[in-house]
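The values are calculated or read from the model by the stated rules, or taken from the named source; none is laboratory data. Since the model is a prediction, treat every value here as computed from it, not as a measurement. When we count neighbours, we look across all protein chains shown, and the Cβ atoms used for this are built from the backbone with ideal geometry, even at glycine. Heads up: the accessible areas ignore ligands, DNA and RNA and are worked out on the full protein's heavy atoms, side chains in. Shrake-Rupley method; radii C 1.70, N 1.55, O 1.52, S 1.80 Å.
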Amino acid sequence: MLIRLQKFLAEAQVASRRKAEEMIVQGRVTVDGAVADTLGTKIDDEKAVVCVDGKPVKICKDAIYIMLNKPEGCVTTVKDQFNRKTVMDLTADIKERIYPVGRLDYDTSGLLIMTNDGDLTYRLTHPRHNVEKTYIADVEREPSAEAMERFRNGIVIDGRMTAPAHIENIGKNRLKIVIHEGRNRQVRKMCEAIGSPVLHLKREAIGSLHLGELKKGSYRYLAPNEIDYLKNL
Ligand code: URA
């Protein structure tokens with residue numbers, strides 16, 4: 001199939017499409033031995049020999065999609081400079097190289113998607129992509145009605161306004177929060193800003209994909225309808 005070179009590089013997990021475009025114009029990519037530094041070049045994804053910085057890259061045709069219930073005390077990176085446990089350690093028995101889609105903090109638990117589908121990763125983590133993420137937050141103290149209203153309308157964190165968000169009291173000092181953005185430690189910072197610091201935070205859902213009964217530290221493969229759902233978000 002003929003596909004654009006930048007899409008090929010994203011699907012091969014080399015980089016996001018935007019970064020792949022930069023690599024192309026920097027002349028770091030060759031197709032069948034010739035430098036391909038023009039954006040929009042189309043290649044045959046089954047026949048072309050594509051190299052980045054002289055190293056061949058390939059699309060892995062066996063796409064894998066899993067949902068992990070990330071425990072606290074584990075980092076969402078491939079390797080940790082402090083040798084802490086990573087989400088890769090929890091999925092080490094999967095032989096394909098998969099990567100986390102977005103991040104959860106070290107001290108946050110819950111739903112994390114991992115895949116080797118670079119295109120899906122790119123689309124789901126792009127700031128333009130407003131997928132809803134649902135969190136359950138246990139907080140130090142219940143926010144007032146006025147504080148919840150401020151939260152809903154958007155508040156300033158790190159000098160910038162957040163988009164409107166959903167917040168609901170669902171139990172003693174327990175809040176259900178739905179946000180569309182993915183800023184650094186966003187839920188913690190938003191709760192802090194309304195005077196209700198987070199004690200525990202769990203991601204419960206991404207769009208309509210829920211964690212369900214999946215045990216902490218375990219993963220499961222996504223069903224075909226769940227994969228289609230994510231691809232069409
Ligand atoms: N918001 C946070 O504060 N932490 C997370 O891990 C995810 C969202």
Report task. For LYS47, list the aspartates and glutamates whose Cα falls under 16 Å from its own Cα; do not include residues on the same chain fewer than 8 positions away. Result -> GLU11, ASP32
Query raised in the report: So what's the net charge close to ARG28: Lys and Arg +1, Asp and Glu -1, counting the other residues with Cβ under 12 Å from its Cβ?
Result: -2
Query raised in the report: Which distance in nm do the two modelled labels at TYR106 and VAL178 give, with both placed 7 Å along the Cα-to-Cβ direction?
Result: 3.2 nm
Report task. For a quick protection proxy, order the peptides 120-129, 38-47 by their average other-Cβ count within 10 Å, most packed first. Result -> 120-129, 38-47
Query raised in the report: For the range 132-206, what % of the accessible area comes from carbon and sulfur atoms, probe 1.4 Å?
Result: 49 percent
Query - Subset of LYS70/LYS189; LYS7/LYS202; LYS7/LYS70; LYS189/LYS216; LYS58/LYS231 violating a 27 Å alpha-carbon distance limit - result: LYS7/LYS202; LYS7/LYS70
**Report entry** Nearest-0.05 FRET efficiency for HIS126 and ASN153, computed from C-beta distance (R0 22 Å)
**Finding:** 0.30
Query raised in the report: Taking a threshold of 30 Å on the Cα-Cα distance, which of the pairs LYS79/LYS215; LYS55/LYS215; LYS19/LYS85 fall above it?
Result: LYS55/LYS215
**Report entry** Viscosity 1.002 mPa s, temperature 20 °C, Stokes-Einstein D of the range 132-206 from Kirkwood C-alpha radius, µm²/s
**Finding:** 180 µm²/s
Report task. First select every other residue whose beta carbon is under 15 angstrom from the beta carbon of ALA145; then total the charges, Lys and Arg +1, Asp and Glu -1. Result -> -1
